[in-house]
Amino acid sequence: MHKNNRPTVSNYRILSTMLMIYWRVKKQERYLKNYLPNLLGAVVPDYQQSFSDKDIKRITKYWQLALNLVCDNIYKLTGRQLSEEENKRIILLSVFGPLFDDLFDDNILNYEQITSLVSNPETYVAQNKTDRLAAAIYLELLRRMPRQQQFIEHLQTVAHWQQESLKQLNSNISEAALQEITYKKSYFAVLIFCAVLDHYPDQKMLEILYPAAGLMQLTNDAFDVWKDVHKGVYTLPNLYRNFEQLQQLFLNETSTINQRIWQLPYSVKAKQTFAIIIHSLHAMGWMSLGQLRQVTAGVPSFEGLKQLSRKELICDMDSFQQQLKWLRHIRHFTNYFDGEKKK
């Protein structure tokens, strides 16, 4: 679709949408702080001894990303509204997700034990506090799930790509393998949230979510370079550092996403809002890649990145100047199609 066949998203639309998201996030933080204890208390009565303030903060961020970027964003585009039951499932999955990640990241269980938990939670024998909590919440999720088998299959795939991501601890990983892991571990993490919805996305939406999820993970990797290099985790931004190539990938995927969005049979306003919210995260990734490209220009190796400061490697989004730049990039990404040049 050519640019002239669609209305340009204005600065006003960008600003008003992002202000709406900002106030929504603040409201969500207060809501979850009050709502979560009762919900968790019904599933895991001794949760107070298991979830610290840091854990709750992590759960809240997980929930906000899943809700605002994926579940609610898709539903608003398609003219639907999340039910109370769907919201409960999303919150429960936002508690389960970090626990499930920890089973891999903290070497709490081996892969066979994790697949046993996923496939047979009713008979699974817990090994420690973390997997006991994960199993209890997982069983509650399955009890509430509209398509139980699909959810299990998606979680099995998530586990597979989590296992594959352990290859990121080896510097010999190829660039192609690294990109596949980057995209697929993020895509299936997105799909696991879609699986808790009463209305699963259709094929056209899935074709949007794949590149969108890939850019989400690349954004996360670009922001986490300082943390990853000190943990020995290899990513596209810190190992191969082909920043020009990565920036071109952002542009190509953005154009693909936008073309597919504008082919959907929904209102112009709904499609614009959906695109703005999706690209708000991608724009952060673009900014971080630009900073990394500049500060690492004279760094010859992965080990050399460890000599750079946290301030140099992390893109600070708190200043007013950076936020204005971010809004400008959101607008450009939302309006971007092949043939346009990103400044």
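The values are calculated or read from the model by the stated rules, or taken from the named source; none is laboratory data. All values derive from a computational prediction rather than experimental measurement. Quick reminder, even Gly has a Cβ in these numbers, built from the backbone with ideal geometry, and neighbours come from all protein chains shown. What goes into the accessible areas is simple: the full protein's heavy atoms, side chains included, and nothing from ligands, DNA or RNA. Shrake-Rupley method; radii C 1.70, N 1.55, O 1.52, S 1.80 Å.
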Averaged per residue, the 1.4 Å probe accessible area of the chain, protein heavy atoms only, in Å², is roughly 48
Along the range 224-236, Karplus-curve 3J(HN,Hα) (6.51, -1.76, 1.60; θ = phi - 60°) to the nearest Hz, with x for Gly and Pro, reads 9, 4, 4, 5, 5, 5, 7, 9, x, 9, 9, 10, 4
For T78, other-chain or 5+-apart residues with amide H closer than 5 Å (H placed, Pro excluded) are none
Diffusion coefficient in µm²/s returned for the range 1-96 by Stokes-Einstein, Kirkwood Rh over C-alpha pairs, 10 °C and 1.306 mPa s, is 103
Inter-part gap, Cα centre of the range 15-92 to Cα centre of the range 297-314, in whole angstrom, is 35
Counting only backbone N atoms under 12 Å from a point 7 Å out along Cα-to-Cβ of D46, the residues of the range 131-153 in range are 132-133
With N residues in the range 26-162, Rg(alpha-carbon) / (2.2 N^0.38 Å) equals 1.04
Expressed in nanometres to one decimal, the distance between label points 7 Å along Cα→Cβ at W262 and W23 is 3.0
With only helices counted (DSSP H, runs n ≥ 4, each -39500 (n - 2.57)), the per-residue ellipticity at 222 nm for the chain, to the nearest 500, works out to -22500 deg cm²/dmol
In whole percents, the bins of 10 Å from zero upward hold the Cα-Cα pairs of the chain as 5, 24, 33, 27, 11, 1, 0
Total charge of the residues flanking I74 in space, meaning their Cβ is under 11 Å from its Cβ, with Lys and Arg +1 and Asp and Glu -1, is 0
log10 I(q)/I(0) for the range 87-179, Debye formula on C-alpha points only (no solvent), q = 0.11 Å⁻¹, two decimals, reads -0.33
Note, V125: beta-carbon cut-off 10 Å, +1 each Lys/Arg, -1 each Asp/Glu, net 0
Placing each pseudo-label 7 Å from Cα in the direction of the beta carbon, L169 and E303 end up separated by a distance in nanometres of 2.1
Rounded to the angstrom and largest first, Cα extents along the principal axes for the range 12-53 equal 48, 17, 11
For the range 142-210, listing GluC sites (Glu not before Pro) in a DSSP loop whose Cβ sees at most 10 other Cβ atoms within 10 Å gives none
Here the FRET efficiency for R143 versus M317, based on Cβ atoms and R0 = 51 Å and rounded to 0.05, is 0.85
Placing each pseudo-label 7 Å from Cα in the direction of the beta carbon, D202 and K227 end up separated by a distance in nanometres of 3.7
Given pairs K129/K306; K167/K227; K26/K88 and cut-off 26 Å on Cα-Cα distance, the over-length ones are K129/K306
Given a Förster distance of 51 Å, the FRET efficiency implied by the Cβ-Cβ spacing of Q247 and Q150, rounded to the nearest 0.05, works out to 0.90
Highest mean packing first, using Cβ neighbours within 10 angstrom, the peptides 321-327, 195-201, 282-288, 103-109 sort as 282-288, 195-201, 103-109, 321-327
Cross-link reach from K271 to aspartates and glutamates, straight Cα distance under 18 Å and at least 8 residues apart if same chain, gives D72, D202, E207, E253
Any residue on another chain or 5+ positions along whose placed amide H is under 5 Å from the amide H of Y234 is listed here as L169, N170
On the accessible surface of the range 207-265, probed at 1.4 Å with all protein chains in place, carbon and sulfur together account for a percent value of 44
Amide H neighbours of Y336 at under 5 Å, excluding residues fewer than 5 places away on the same chain, with H built from the backbone geometry, are none
In whole Hz, the Karplus estimates of ³J(HN,Hα) for the range 136-153 (6.51, -1.76, 1.60; θ = phi - 60°; x where Gly or Pro) are 5, 6, 4, 5, 5, 4, 4, 4, 9, 6, x, 9, 4, 5, 4, 4, 4, 5
